[in-house]
Amino acid sequence: MFNINENTIYCQTHNHYIPLDPANRHYQEVLDAIIAEGAACFDGDIPEDLQAAADEKQFNQQLADYRVATARLAQYIVADGRAEVTEMQPTGEQVFNEETMEMEDVMHEVITVTAIEPVEPTVTRMVYSDDMDAEPTEETIENPVITTDVAERAAAQATVDATPEPVKDAV
Amino acid sequence: MTVRIEKPAINVREELADLRKPTGLAGEAMLRAETPQEQFNLIGAGRRNLIINGDFQVSQRGDYSSSTSVASGAYSVDRWKSNDPFNLQRFTGQVIDGIRTNYVKVSYNGTASMGFMQLIEDKDYEVLRGQTITISAYVRTNQALFGFRLYDGSQKYGPRFVADGNWHRATWTFTWSPSSPSYFNILFDTYQGSFPTIGSGDYMDIAMVQVELGKVATPFEHRSYGEELALCQRYYQHNFPTGYYPANGQGITDTEDGVSGWAAFSSSTARSPYVYFPVTMRASPTVTPYSAGSSDSDGKWARYNFSAWVDIVSQSIDPTSSFFAVRENGGSGMTAGYTYLMRGMWSADAEL
């Protein structure tokens with residue numbers, strides 16, 4: 001529990017006098033507590049400037065999380081693979097076009113995104129019983145690479161969904 | 001006109017033999033160096049170690065002579081922080097690889113993972129951006145999952161330590177990110193994307209930790225105790241005498257006697273003089289007051305009211321990176337303009 005003590009924040013739990021200095025780690029912990037618990041962590045009203053600092057920190061955290069999540073979602077889906085993408089780029093050479101009477105770039109096709117095959121949807125593994133005499137059996141499961149990809153994409157999507165619109169607008 | 005010049009004869013075989021000097025690999029490297037700076041770096045001249053208290057000389061929070069539980073996020077020996085909980089014990093005056101030094105034993109305390117780390121502040125690591133850096137330490141462990149890790153804006157996983165129960169000098173050379181967060185940390189732990197589980201009896205003994213520019217782990221740079229203490233005090237300091245650690249009501253001679261200076265400016269308010277830090281701190285620190293006298297209430301400074309010591313019931317502290325002062329609010333029985341004896345201890349924490 002915190003309260004304002006003149007120009008410092010007093011932490012009743014640890015008998016700490018915490019300066020209003022963003023470089024102080026305990027000050028950052030106070031902001032984290034305000035973000036997580038709101039007014040419940042404060043004895044009395046949270047001062048406006050402290051609340052504003054907590055709001056700004058939360059905004060920046062959400063913005064950073066949103067950027068990471070959108071970058072994760074932009075990665076290809078391993079179960080689908082990725083198609084090759086090419087584009088025409090100048091080689092650096094130029095030739096004279098007798099029809100237009102101008103020098104023109106010599107172009108060539110460049111692969112800008114390489115193709116990646118989809119991973120196998122399932123894998124088969126041997127399952128051994130605790131019974132030493134029993135024969136091992138085969139078990140077919142979803143490819144763990146796909147499982148991990150799906151879980152990470154779901155987590156990233158949840159982050160995106162939970163991000164407030166003002167944060168998304170700031171990107 | 002023709003001029004005839006005569007030169008003494010040269011024995012070509014002897015001249016060639018002179019060129020075959022007994023030059024080792026290091027000598028060759030010196031000859032190949034293109035700048036004096038490169039030679040300076042090769043011989044490890046000048047200040048090298050970016051780690052503070054890499055040999056665990058300084059321990060202002062406690063002596064850790066017995067195994068002590070350290071909570072996640074807490075500091076123990078100066079500058080060293082817990083990333084995950086562990087037990088820590090400090091051994092002084094030990095001989096490792098022929099060098100007399102100290103080491104810490106970081107051991108399992110019931111949590112599935114543990115991490116021991118030091119954070120380096122941005123003012124010190126600015127010179128490291130985009131540079132090749134080498135970390136070295138003597139490590140003795142029984143668990144092959146332990147190794148180096150660092151965070152410089154992204155995770156980097158270093159080599160695992162040799163887990164044969166003997167001391168080994170572990171080294172890791174890496175290129176540090178050109179763009180990094182406001183601090184960077186060096187860790188000794190098991191994390192490599194996830195935390196594998198460790199168990200009872202697992203430990204790391206760690207000594208002579210060094211982080212330096214370049215591709216070579218040079219010998220550990222020993223600094224004097226006074227110098228190392230001053231470096232640590234930028235991050236944490238207190239006013240307890242040598243041999244004492246921050247705690248309430250220890251009743252230490254001299255500190256319990258009190259000093260003059262509590263100046264009343266009304267019957268209920270007074271202020272202490274500025275308490276200057278011997279070393280300017282990294283940022284405005286968190287100040288924790290402790291009682292000096294055994295009869296004082298925990299966490300309170302006290303004032304002598306000409307007949308007895310009374311607690312400063314409502315005190316406030318306003319620290320800066322250079323000093324702090326304590327103010328008494330809501331006191332009673334003081335006379336404006338009078339000064340009173342006061343006593344109180346403190347610690348100041350500006351750690352990362």
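The values are calculated or read from the model by the stated rules, or taken from the named source; none is laboratory data. Not measured: the values here are computed from a predicted model. As a convention, Cβ positions derive from the backbone with ideal geometry for all residues, glycine included, and neighbour counts pool all protein chains shown. The accessibility values were calculated without ligands, DNA or RNA, using every heavy atom of the protein model including side chains. Shrake-Rupley method; radii C 1.70, N 1.55, O 1.52, S 1.80 Å.
Take the residues in the stretch A:1-27 that are open to solvent by 50 Å² or more (accessible area, probe 1.4 Å) and farther than 17 Å from B:Ile317 by Cα; name whichever of them is nearest to the other protein chains (Cβ to nearest Cβ). My answer is A:Pro22. Selection of the stretch B:331-349 for residues being farther than 20 Å from B:Gly299 by Cβ and hydrophobic (A, V, I, L, M, F, W, C) yields B:Met334, B:Ala336.
Does the stretch B:287-294 contain at least one residue that is out of contact with any Ser or Thr (no Cβ under 8 Å at 6 or more places or on another chain), part of a loop (DSSP other than H, G, I, E, B) and without any contact (Cβ under 8 Å) to a residue 60 or more places away in the chain? Yes - at least one qualifying residue is present in the stretch B:287-294.
Conditions (1) crowded, with 18+ Cβ neighbours inside 10 Å; (2) within 15 Å of the chain's Cα centre (by Cα); (3) within 28 Å of A:Arg25 (Cα to Cα); (4) within 14 Å of chain A (Cβ to nearest Cβ), marked per residue:
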| site | (1), (2), (3), (4) |
| --- | --- |
| B:Pro196 | no, no, no, no |
| B:Ser200 | no, no, no, no |
| B:Pro219 | no, no, no, no |
| B:Gly226 | no, yes, yes, no |
| B:Ala230 | no, yes, yes, no |
| B:Gly243 | no, no, yes, no |
| B:Glu256 | yes, no, no, no |
| B:Ser284 | yes, no, yes, yes |
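Within the stretch B:227-246, identify whether any single residue is farther than 30 Å from B:Leu88 by Cα and small (Gly, Ala, Ser), and answer yes or no. Scanning the stretch B:227-246, I find no residue that is farther than 30 Å from B:Leu88 by Cα and small (Gly, Ala, Ser), so the answer is no.
Residue check: is A:Ile34 under 25 Å from the mean Cα position of the chain (by Cα) and surrounded by 21 or more Cβ atoms within 10 Å (Cβ to Cβ)? Taking the combined requirement at face value, the residue satisfies it. Scanning the stretch B:299-352 for residues that are within 8 Å of chain A (Cβ to nearest Cβ) and open to solvent by 40 Å² or more (accessible area, probe 1.4 Å) yields B:Asp318, B:Thr320, B:Arg327.
Looking for something open to solvent by 70 Å² or more (accessible area, probe 1.4 Å) and among the aliphatic types (A, V, I, L, M) - is there at least one such residue anywhere in the stretch A:46-59? The answer is no; no qualifying residue exists.
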